[in-house]
Amino acid sequence: MLKAVKENPGVRVTLDELIALQSDAQTLLWRKATTRHTRQSGLKNTKQQGRGINFSETRIYQPGDDIRHIDWHATLRTDQTHTKLFHEEKERPIWLLVDHNPSMYFGTKIAFKSVIAARAAALCAWAFSANGERVGGLVFSGKKQLSVQPRDRLQAVLPLLKYLADSSTQPAAEYDDNSLELAFNFLLQRQLHGCLIIVFSDFWQWHNGLMARLQPLARKNQCMAVIVQDPLETTLPQGGYYPISDGNNKYILNTYDTRFKERYNRTTEARLETLQQALRQLNMASIPLSTAEALVPQLKTLFI
């Protein structure tokens, strides 16, 4: 197995490879460092007002207000005592959900979607943890779920990377149509609030029935979808006969059949549009992640 991994780096991912991505993650940090309080950062501004570093507003002083925050300029100008209010800065845990279902073990360019998802999650884990944030995650495939609770610094990163590598080399033996739903149920059972949840998946298991699962998560947390795609999934190759396999059976894909190509394109476009529409209704941001392009530049939009 190890020999096969070394010979096919785009098919499986190793723990050593994911650990080595720590240096690449540094390129994601410079935007984060200059926009630490932006929407995508691991820290958020709460609506609660109190002591903090972010100025909110000035209002008339009320009994119990901290006299150290008196706004003397406003007080002298209006002849009424005013005080400054601040938004508190609050840390929020980060959950990285990584789909390793059978549909993710496909790719025609740089690597399988499962490998791209694992590398992307590893880069994010390194970047967020380097910024002092608590990172955890869930790797799911079939009925199998490998989870790490968000922890400080590297306490959760290395176990998460090991789960990603183990799942990549030992995928689930049985397929489960409800694996994505089971992953969302896992988070629902924990009654999360104020977390950043990023899902790395091709969302082939998506159906609108999942809206009910995601709504409470999206309402109480910031949720993002990283949609992992291979170019062949949206555009079939030029006319020809192409051998394909699902791991058990072999088939011939005839792309000379123009009617088949048209049906295929309509189906894939409709699937993506249904998914995007659902994410918009949930107010979930999404970014595409291609197996045919360099990974770090694609991920930088997460850290703007």
Would you mind calculating the relative contact order of the range 146-304 from Cα pairs under 8 angstrom and at least 6 residues apart, reporting the percent as a whole number?
-> 20
Which aspartates and glutamates have a Cα less than 13 Å from the Cα of residue 113, not counting those fewer than 8 places away in the same chain?
-> 99, 202, 230, 233, 293
For residue 84, counting only aspartates and glutamates whose alpha-carbon sits under 12 Å away and dropping same-chain residues fewer than eight positions off, the answer is 57, 65, 66, 71
Tally Lys and Arg at +1 and Asp and Glu at -1 over the other residues with C-beta under 12 Å from the C-beta of residue 188: what net charge comes out?
-> +3
Per DSSP, loop GluC sites (Glu not before Pro) in the range 196-297 with at most 15 further Cβ within 10 Å | 293
At R0 = 45 Å the Cβ-Cβ FRET efficiency linking residue 269 and residue 190, nearest 0.05, sits at 0.80
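Pull out the extension gain between residue 257 and residue 26, defined as 0.36 nm times the separation in residues minus the alpha carbon to alpha carbon distance; nm, one decimal.
Extra length available between residue 257 and residue 26 comes to 78.5 nm.
Bear in mind that the values in this text are calculations on the coordinates, not laboratory data. What you are looking at is a predicted structure, and each value in this text was computed from that prediction instead of being measured. Cβ sites come from the backbone with ideal geometry, for glycine too, and all protein chains shown count toward neighbours.
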